[in-house]
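So the structure is just underneath, and the comments pick up after that.
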Amino acid sequence: MMNPGNPRKARRRISLGGMQCLAALLAMFGGALSTSAQVDTVQVRIWGSQQDDRGVRLIQLADGDLLSLSSTNSTSTNQPEVWVQRIDSNAQVVWETTVSDSPLLQPVDAVEHEDGRITVLSMRYASAADGYDWHWQTLAPGGTPQSSLSWGTVAWDLPLRCFDRSGELWSVGTTYASGSGDVQWTRHVWANENWVLSDAAAWGTEQEEVVTDAMIVGDTLLVSATLEAEQRASFTAYDLISGETTWTYSSVWDEPTYSVALDARDTTVAGLMNVETADGIRLAFVCLSMSGDTLLEKIPGSGVDVESVDLQWYTSEDFATISMTEGLGLGGEELLFSRWSAQNGAWQGGPTFGTPWDERPASMLCDASERFWVLGRTDGYSNGRDDVYLLQFPDAFIGDYWGNVETNILETTLSIEADAIQANAGWQVFPNPVSALFEIRGYRLGQRWTVFDGWGRKVAEGQGSTVDASPWPVGMLWLVPSNSDNTNPMRALKLNVVR
């Protein structure tokens with residue numbers, strides 16, 4: 001049932017050219033469902049261009065905005081780069097930027113600092129001898145790249161998470177410096193307009209430990225990892241003051257088990273795993289006290305493969321998971337959202353979202369307003385390439401009733417084939433959002449502009465640095481600049497038209 005203290009507000013529903021996403025409700029974990037006429041609306045954003053673009057992680061920002069990290073190949077070099085987008089509470093892009101380090105840079109996490117700076121942690125390719133290293137790029141509050149640095153050993157070093165702890169930058173990942181996978185952390189302090197390495201340490205056993213998630217709670221570093229030799233999941237607490245291990249949990253099932261993610265709320269830690277059972281892949285979870293006591297272990301029953309990806313607490317006694325499944329009849333890989341009781345492990349409902357194509361989640365976030373966001377990728381809306389796929393749920397209780405989920409795609413930007421996200425920015429629009437007259441700063445005589453909607457349909461075209469948006473439709477549009485001879489392509493600009 002819905003939480004009576006959390007009534008849903010009426011939501012605007014928009015249809016774009018008949019483009020639809022199918023929504024179905026999962027009943028595979030049991031429980032009776034009503035046929036109430038209540039309708040929940042899931043908002044969808046899809047971003048991408050001519051190559052692969054994949055959502056990686058969502059980060060909550062202090063003012064209620066979110067940061068979306070994606071990996072993009074849609075650049076002039078066709079090499080993996082970091083695509084950063086600041087998104088407001090309505091899933092509209094506030095600003096975006098790309099970060100590169102040839103030949104490869106893939107984002108893993110980001111953190112906002114007290115003064116509004118943002119540091120993005122990525123994995124970079126160092127060399128054939130050194131393998132992969134850690135890379136940090138600090139952005140100004142408005143998204144402008146500032147300082148950058150990297151760290152690594154003469155072995156593979158794989159970054160995963162980063163945190164701001166009392167003004168210091170902490171990062172966690174896996175290192176192979178000892179010849180086996182170990183938990184690695186680094187600590188940086190801000191000095192001379194850049195992060196300076198202050199301390200670093202690694203923990204591990206003689207077997208390979210691959211870190212899959214981490215978080216800092218007070219003076220405790222919580223880490224989830226997979227013990228590759230034993231094929232077991234491990235959740236460990238490290239005291240950052242003493243540098244000692246406080247407790248460790250290892251999965252109890254005989255089948256191969258792999259850690260996925262963890263989250264903590266109040267005095268309880270929830271750990272998410274995937275288990276290769278005789279019947280197929282199943283998600284599993286464990287609830288632990290902050291002192292390491294096991295409160296709950298469970299592999300829920302299921303009739304199809306369920307590969308979990310992330311989890312988030314949404315009350316002190318309930319958490320949600322996002323998974324991928326192919327067994328629910330929507331035509332391919334689908335996103336499965338489920339709610340669980342931390343008291344007894346009971347499934348509490350949740351829908352699945354998909355199309356005849358493939359959608360795979362990567363990250364889930366419960367924001368400060370208790371809405372859920374899911375970031376991932378889809379290959380069904382462009383030229384067969386992957387695109388960033390973002391869902392916004394009104395709250396955790398979506399899918400309480402059978403058939404009550406409506407999915408609305410509010411924006412697609414796939415028809416715009418900008419040459420490179422990192423290409424010459426050239427122009428700036430002021431103000432933005434726009435309602436009537438606005439200015440194109442950086443405009444030069446002889447240049448032209450064309451305005452498209454999210455489907456690539458032409459809305460307007462012209463010349464001049466002062467433009468009137470009054471006749472244009474409300475919503476997100478693209479302003480594509482060009483020179484008179486169509487040379488030197490510049491970056492397309494997003495316009496948020498309001499009334």
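The values are calculated or read from the model by the stated rules, or taken from the named source; none is laboratory data. The shown structure was predicted, so the numbers you read here are calculated from the model rather than taken from an experiment. Using ideal geometry, Cβ is built from the backbone for each residue, glycine included, and neighbour counts are taken over all protein chains shown. Remember, those area values only see protein heavy atoms, side chains included, never the ligands or the DNA or RNA. Shrake-Rupley method; radii C 1.70, N 1.55, O 1.52, S 1.80 Å.
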Karplus couplings for region 264-275 from phi (6.51 cos²θ - 1.76 cosθ + 1.60, θ = phi - 60°), rounded to Hz, Gly and Pro as x?
-> 10, 8, 6, 10, 10, 10, 10, x, 10, 9, 10, 10
Whole-Hz couplings from phi, Karplus 6.51/-1.76/1.60, listed for region 124-140; x for Gly and Pro | 10, 8, 8, 5, 5, 7, 8, x, 9, 10, 8, 9, 10, 10, 9, 10, 5
Can you work out the base-10 log of I(q)/I(0) for region 142-206 at q = 0.16, 0.19, 0.20 1/Å, using the Debye formula on its C-alpha atoms alone?
-> -0.57, -0.76, -0.83
Spacing of the two label points (7 Å from each Cα toward its C-beta) at VAL189 and ASN483, in nm | 4.9 nm
Dimensions (Å) - region 258-359, Cα atoms, principal axes, largest first = 45, 29, 19
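With a 1.4 Å probe and all protein chains left in place, how much of the accessible area of region 310-372 comes from carbon and sulfur atoms, in whole percent?
C and S atoms contribute 40 percent here.
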Taking placed amide H atoms and a strict 5 Å upper bound, the residues 5 or more places from GLY349 or on another chain that come that close are ARG339
Can you check how the C-alpha radius of gyration of region 83-139 compares to 2.2 N^0.38 Å, as a plain ratio?
-> 1.31
Ordering VAL474, VAL374 from largest to smallest accessible area (1.4 angstrom probe), what's the sequence?
-> VAL474, VAL374
Karplus (6.51, -1.76, 1.60) ³J(HN,Hα), θ = phi - 60°, over region 314-322, in Hz, Gly and Pro reported as x | 10, 9, 6, 10, 9, 9, 10, 10, 10
Return the FRET efficiency for the residue pair GLU228, ASP164: r is the Cβ-Cβ distance, R0 is 25 Å, and the value is rounded to the nearest 0.05.
-> 0.20
Heads up, I need the accessible area for CYS287: 1.4 angstrom probe, whole protein in place, Å², nearest 10.
-> 0 Å²
For the pair ALA460 and SER102, the simple spin-label estimate (label points 7 Å beyond Cα toward Cβ) gives in nm 4.0 nm
The correct pair for region 93-227, radius of gyration to one decimal and Dmax as a whole number, both in Å and from Cα atoms, is 14.7, 47
Shape category assigned to region 134-179 from the gyration tensor of Cα positions, a/c cut at 1.5 = prolate
If the chain between ASP63 and SER250 were fully extended at 0.36 nm per residue, the gain over the current Cα-Cα distance would be 63.5 nm
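At a Förster radius of 41 Å, what calculated FRET efficiency corresponds to the Cβ-Cβ distance of GLN428 and ALA278, to the nearest 0.05?
Efficiency, from the Cβ-Cβ distance: 0.10.
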Rounded if a/c under 1.5, otherwise prolate or oblate - region 191-246, Cα gyration tensor axes = prolate
If you take the beta carbon distance between ASP115 and GLU370 as r and set R0 to 45 Å, what does 1/(1 + (r/R0)^6) give as a FRET efficiency, to the nearest 0.05?
-> 0.95
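With +1 on each Lys and Arg Cβ and -1 on each Asp and Glu Cβ, and nothing else charged, work out how big the dipole of region 245-348 is about its Cα centre, in Debye to the nearest 20.
Here region 245-348 has a charge dipole of around 280 debye.
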Å² of accessible area per residue within region 68-210, as computed with a 1.4 Å probe and no ligands counted = 38 Å²
With all protein chains in place and a 1.4 Å probe, TRP357 shows an accessible area in Å² (nearest 10) of 110 Å²
Between THR450 and ALA200, the two model label points (7 Å from Cα along the beta-carbon direction) sit apart by a distance in nm of 4.9 nm
For LYS298, LYS494, the accessible-area ranking with a 1.4 Å probe, largest leading, is LYS298, LYS494
Have a look at VAL120, SER102, LEU139 and report the one farthest towards the positive end of the charge dipole of region 65-155, computed about the Cα centre with Cβ charges (Lys/Arg +1, Asp/Glu -1).
-> SER102
Which order do peptides 442-452, 334-344 fall in by mean Cβ count within 10 Å, highest first?
-> 334-344, 442-452
